[in-house]
Amino acid sequence: WDNADFSRGVGTTFYQEFLTLNTAKPPFIRDVEAKVQRYLKSSYSAAWTLKITWEKAPAYAARTDPRRTITYQAILTTDGFRSYILMLYQDRGMQWDYTRLTATNVLVGYT
């Protein structure tokens with residue numbers, strides 16, 4: 001993840017917390033559980049989930065094009081014993097012009 005620059009009033013960051021231990025689960029949580037089950041081939045029932053969304057985030061620094069924004073999410077979830085993070089990017093992936101970023105060794109994802 002690179003630095004986003006919200007100083008020019010472009011873009012929004014918001015979050016939503018889901019406490020789902022012994023409660024009815026909304027469709028979003030059922031989708032998170034299905035993704036964990038599908039990718040890890042194991043049963044999973046979320047007790048707590050945090051969804052963080054960076055919407056129309058422009059790249060840092062001021063010299064970059066403020067029209068080239070990205071929307072991405074981090075979803076942290078746990079069943080109380082195991083914890084996972086899902087990193088979701090908008091269709092077509094990272095839209096920032098990496099040739100104009102401060103650091104040009106850009107990698108989408110993690111290692």
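Given an 8 Å cut-off on Cα distances and at least 6 residues of separation, report the relative contact order of region 12-100 as a percent.
On the way: 142 pairs, mean separation 22.9, N = 89.
Averaging sequence separation for qualifying contacts and normalising by length gives 26 percent for region 12-100.
Size of the dipole of region 12-100 about the Cα centre, Lys and Arg at +1 and Asp and Glu at -1 on the beta carbon, nothing else charged, in debye to 20?
Working: 13 positive and 8 negative charges, 44 e Å.
Dipole of region 12-100, to the nearest 20 debye: 220 debye.
Straight-line reach only, C-alpha to C-alpha below 27 angstrom: list the lysines that residue 25 could link to, leaving out same-chain residues fewer than 8 apart.
35, 41, 51
How much of the accessible area of region 12-100, in percent, comes from carbon and sulfur atoms when a 1.4 Å probe is used? Display every interim value, and only then the final one.
On the way: 3110 of 5630 Å².
On region 12-100, the fraction of accessible area on carbon and sulfur atoms equals 55 percent.
So what are region 12-100's ellipsoid semi-axes, whole angstrom, largest first, if each one is the square root of 5 times an eigenvalue of the alpha-carbon gyration tensor? Walk me through the intermediate numbers first.
Details: eigenvalues 193, 37, 19 Å².
For region 12-100, the ellipsoid semi-axes come out as 31, 14, 10 Å.
Among 27-37, 6-16, how do they line up from the highest to the lowest mean number of other beta-carbon atoms within 10 Å? Please report the intermediate quantities before stating the final value.
Working: 27-37: 15.4, 6-16: 11.7.
Answer by packing, highest mean first, reads 27-37, 6-16.
The values are calculated or read from the model by the stated rules, or taken from the named source; none is laboratory data. Since the model is a prediction, treat every value here as computed from it, not as a measurement. All Cβ positions, glycine included, derive from the backbone under ideal geometry; neighbour counts span all protein chains shown. Please note that ligands, DNA and RNA were not included when accessible areas were found on the heavy atoms of the full protein model with its side chains. Shrake-Rupley method; radii C 1.70, N 1.55, O 1.52, S 1.80 Å.
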